[in-house]
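Notes to accompany the following structure.
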Amino acid sequence: MAQPNEKPSGETSLPLAIDLSNINKRFGDVHANKDVSLQVVSGHIHGIIGENGAGKSTLVSILYGFYTADSGSIKINGVATPIVNSADAIARGIGMVHQHFMLVPNFTVLENVMLGHEGGLRIDVAAQNARQTLEKLSADFGLDVDLDMIIEDLPVGLQQRVEILKALFRGAEILILDEPTGVLTPQETERLFDVLRALREQGVTVLLITHKLKEIMAITDDVSVMRAGQMVAHRKTFETSPPELAELMVGRKVVLKVDHSPASPGGDVLVVADLCLNSPGSAGALKDISFTLRAGEIVGIAGVSGNGQSELLDVLSGITPPSRGGFYIDGRYISRKTPANPAILRDLGVAHVPEDRHKRGIVLPFSAAESIILGYSAASDEGEGWWLSPETLDTHCRRLMQDFDIRPPNPKLVSGNFSGGNQQKIVLAREISAQPRLLLVGQPTRGVDIGAIEFIHKQLIALRYAGCAILVVSVELDEIMSLSDRILVMNNGQLVGGLTRDEADERRLGLMMAGIGADDHSIWASR
Amino acid sequence: MSAPHDLPRWADVGLIPLINLLAALVVSGIVVAFIGENPIEAMMVMIKGAFVYKGSLGYTLYYATNFIFTGLAVAVAFHAMLFNIGGEGQAYLGGLGAGLVCLMFDSVLPAIVLLPLAIIAAAGLGAVWGAVPGYLQAKRGSHIVITTIMFNFLGASIMVWLLAGALKAPGQMSPETRVFSDNATLPFIHEIANAIGWEVARSPLNLSFVVALLACVGVWVLIWRSRLGYAIRATGHSAKAAEYAGISVSRVLIITMAISGGLAGMMAINEILGVQHRIVLNFTSGYGFTGIAVALMGRNHPVGIILASLLFGALYQGGAELDFEFSTITREMVLLIQGLIILFSGGLAYMFNKPLARLLAMILRGKRQTEAQHG
């Protein structure tokens, strides 16, 4: 996949599209960017890789004018340029595609691209002009999109194209992409990379922000590594390797593979039988889901995000009651007529690490000690009767912080001030320490640094050895493949197939995720 | 990542309200100077009128009692992210509850039984008047701001209807009930003090002030030390997290509004049992609304609410004095000053956060540099 790098080395002779030197940015006590320098060669695809909180987002936010640097200089195409807001950035030919799309869902593609550039009083004239420009851009860069489609009817891969078109329409010659592949299937990612290559052919400079080593290796010409607010290394992509980059990101050697011996599953813990969920829109409905999960095994659910995985977790954890059908937990049936809320399910031994840790998993303004009892605040060991005892909470939290290596080990610290990895450890510590029969895990390592990923995966495997049944939902295929004993694939609210650990490879899973050519493994998936 | 303009807690809780207050006073001073009076002199009159003159402190604390109750009501609801605008109506209905108990039983029950019963009735009816909008919000999705405002009007209409009709004292023209007998009144503080040999000037300050302080302790325990308070705060900060935790969000919303309404209802014991000794029209006279400003300024914490209530009590009492001393400064002028304080500490509460954060960051950086030079 990696493109051979034909560009000559000796970068001093090459023109620089972006030249940042000694950028500093502080937020209160946090030194988010510390003397960061970055040279991006014009017409190259340049990757910036780093863990969450390494300062990547701050750096591109400075470049795009969301923040102003405390000190340091910015040169765009060799000209020193103060960038104080995003209008400055756009005027300098910088375009940005955000991780979360900034599109009006009920507008057409054309209307979205035009937004803010209508010019004059008559919208129809502006639309005519915009259409011509866009058709030329589409042809030049191979960015095919039907300009009259409504955004919400488009798959995410195409929505992302609209974002790229938007940036190009505004005259971008430098394109910043912030974690662009998080919402894409492997095939869509491949198509995005084709577009990026076409952009490079036409002389556009691309700055790709990511935490995925594979993408850096696949598409970039140069790579810069950030750690703890500092730029720690610059490499030519063809001269480096994933293990080297991982080590640079984390600052120590990292084991990327989990030790995973074959499972020896016990009896059925979770039996899902013809589970359906109606939902007002077409998205998010579940159709006739059936599968079985046994004690001591990990089943992974793969799928592009938004294909019903979140809803499945919501139903199995008791947040949403099923519309039809239901599921058995250790023989107890839960359905529309016999519903169970999350509190009851917790009593039945169901623990849940939610996908969205900021919205559900912890309460951001709560102290760690308070967040670490979320869902268990009625438990008798946290106090007496109606009251909670701060001392007990404190002791309880300290113990878990030690067991799960949560840093800093301060129960009074506000949950929102922990790093992503440590927040996730707070959630895991809470759910694992409840000694569940069944653990539901959504996106176990989303926004979590590599060091913590290693730890979290080890914890999950250990829990499997202890006989817990574990259901893992993740959009990271690598994670699903390295953790699961069996893999089920969801598409459009249905289970479209299943593979054993040995059968699974990225290509087959990718096709099933896209709903194409799914082998008929449905018999295997059901009871 | 932390927000770019984070303030240290001491500055957020201590410094910002003071700066807001100062800004409001400066603008008020400009207005006073504009109409030709000396702002410093007016300020002195206000301070003396609120704290120094004989009996003035009692009046200040008496007003503060009302604000503590209504401020607590707003604060408790706010911890569940509910904006209870209905303190006025809940207090009004609370007065009905207390009044009805007194009217029915003041000739049969002794004070020791009657008064607690009246207090419970005040809180109870206030709670009902808060819980109904809470129910509508939780189950029907009717916005709490709209419903509580409407419930203020409903409450006011019911009270007019009752006071002009069924509850009107026989043989009387004004819309008010008969006066309760003596065992249905809360003792004045000056009476108690005088009884134990303390010389204290007459004022409407009565035992409800003590009840208000107890309510502050109660609210603190409820919010920060009870399982229910945990559920209330979890629901307020993140309804999705509460849902995930198995907390019944709708139940918490209804219970919270009942507690909030109950606290607002208890404001009536100061007015009805403490001072008026009968139910009169419009005894709430806007205290319910001022409670919103009190809670905002007190950052929804009981200690903050006591301080903010003292400030507003002083403004009410000192303002009356101002009205009395200066012919040019009328009642409306005093309202304007109160309005400015509400504007600066409520509506513009976060106006000075950014500049102050920048200033503090600059000072800190300067300190670090000098330390670096010396080290």
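Taken over the range A:301-318, residues that are more than 13 Å from every other protein chain (Cβ to nearest Cβ) and of a type in the set (S, T, Y) amount to 1. Of the helices (runs of 4 or more DSSP H) entirely within the range B:275-375, those holding at least 2 residues that are over 12 Å from the mean Cα position of the chain (by Cα) occupy B:302-325, B:331-342, B:353-374. Take the range A:91-116 and flag every residue that is of a type in the set (A, V, I, L, M) and over 27 Å from the mean Cα position of the chain (by Cα). A:A91, A:L110, A:M114, A:L115, listed by residue number. Checking each residue in the range B:340-375 for being surrounded by fewer than 14 Cβ atoms within 10 Å (Cβ to Cβ), away from chain A (no Cβ under 14 Å) and at pLDDT 80 or above picks out only B:P355. Pairs are defined by a Cβ separation below 8 Å, a sequence spacing of at least 6 or placement on different chains, a first member in the range B:319-330 that is in contact (Cβ under 8 Å) with a residue 12 or more places away in the chain, and a second member that is part of a loop (DSSP other than H, G, I, E, B) and among the aliphatic types (A, V, I, L, M); the pairs so defined are B:L322/B:I329; B:T328/B:I35; B:I329/B:I35. In the range A:145-163, the condition of being outside any loop (DSSP other than H, G, I, E, B) and either more than 30 Å from A:M512 (Cα to Cα) or of a type in the set (F, W, Y) (or both) is met by no residue. Scanning the range A:358-398 for residues that are among the acidic types (D, E) and more than 33 Å from the chain's Cα centre (by Cα) yields A:D381, A:E382, A:E384, A:E391. Of everything listed in (1) at pLDDT 90 or above; (2) under 21 Å from the mean Cα position of the chain (by Cα); (3) of a type outside the set (S, T, N, Q), the single unmet condition for A:V183 is (1).
When B:F312, B:F283, B:F289 are screened for being surrounded by fewer than 20 Cβ atoms within 10 Å (Cβ to Cβ) and at pLDDT 85 or above, only B:F289 passes. Consider A:R360 against the criteria (1) closer than 22 Å to B:Y244 by Cβ; (2) without any contact (Cβ under 8 Å) to a residue 12 or more places away in the chain; (3) away from every other protein chain (no Cβ under 12 Å): it satisfies all of them except one. Which criterion is unmet? It fails just one condition, (3).
Tell me which residues, restricted to the range A:453-490, are at pLDDT 90 or above, among the charged types (D, E, K, R) and part of a loop (DSSP other than H, G, I, E, B). Answer for the range A:453-490, where residues must be at pLDDT 90 or above, among the charged types (D, E, K, R) and part of a loop (DSSP other than H, G, I, E, B): just A:D485. With respect to A:P436, is the statement that it is more than 10 Å from every other protein chain (Cβ to nearest Cβ), more than 26 Å from A:L245 (Cβ to Cβ) and surrounded by 16 or more Cβ atoms within 10 Å (Cβ to Cβ) true? Criteria met by A:P436.
Selection of the range B:228-251 for residues being farther than 22 Å from A:R357 by Cα and aliphatic (A, V, I, L, M) yields only B:L228. For first residues located in the range A:436-461 and farther than 23 Å from A:G53 by Cβ, partners that are modelled with pLDDT of 90 or more and hydroxyl-bearing (S, T, Y) and lie 6+ apart or on another chain with Cβ distances below 8 Å form the pairs A:L440/A:S317.
Where helices (runs of 4 or more DSSP H) fall wholly inside the range B:1-81, the ranges with 3 or more residues that are within 27 Å of B:W224 (Cα to Cα) and either within 14 Å of chain A (Cβ to nearest Cβ) or among the small types (G, A, S) (or both) are B:56-79.
Checking each residue in the range A:264-280 for being at pLDDT 80 or above and of a type in the set (G, A, S) picks out A:S264, A:G266, A:G267, A:A273. Of the helices (runs of 4 or more DSSP H) lying entirely inside the range A:285-389, those carrying at least 2 residues that are surrounded by 16 or more Cβ atoms within 10 Å (Cβ to Cβ), in contact with an Asp or Glu (Cβ under 9 Å, 6 or more places away or on another chain) and assigned by TED's automatic domain parsing to the domain that holds A:L460 are A:309-316.
The one condition from (1) assigned to a loop (DSSP other than H, G, I, E, B); (2) surrounded by 19 or more Cβ atoms within 10 Å (Cβ to Cβ) that B:V179 does not meet is (2). If you filter the range A:319-355 down to residues that are among the small types (G, A, S) and under 17 Å from A:S377 (Cα atoms), you find that the one that is nearest to the other protein chains (Cβ to nearest Cβ) is A:A343. Exactly one residue among A:L428, A:L400 is in contact (Cβ under 8 Å) with a residue 60 or more places away in the chain, closer than 26 Å to A:V250 by Cα and outside the structural domain of A:G306 (by TED's automatic domain parsing), and that residue is A:L428. Selection over the range A:363-404 of residues that are more than 11 Å from A:S415 (Cα to Cα) and within 11 Å of another protein chain (Cβ to nearest Cβ) gives a count of 18. Of all residues assigned to the range B:129-142, at least one qualifies as being within 18 Å of B:I279 (Cα to Cα) and either away from chain A (no Cβ under 14 Å) or out of contact with any helix residue (DSSP H, G or I) (no Cβ under 9 Å at 6 or more places or on another chain) (or both).
The values are calculated or read from the model by the stated rules, or taken from the named source; none is laboratory data. If you're wondering where the values come from, they're calculated on a predicted model, not measured in any experiment. Glycine gets a Cβ as well: all are built from the backbone with ideal geometry, and neighbour counts include every protein chain shown.
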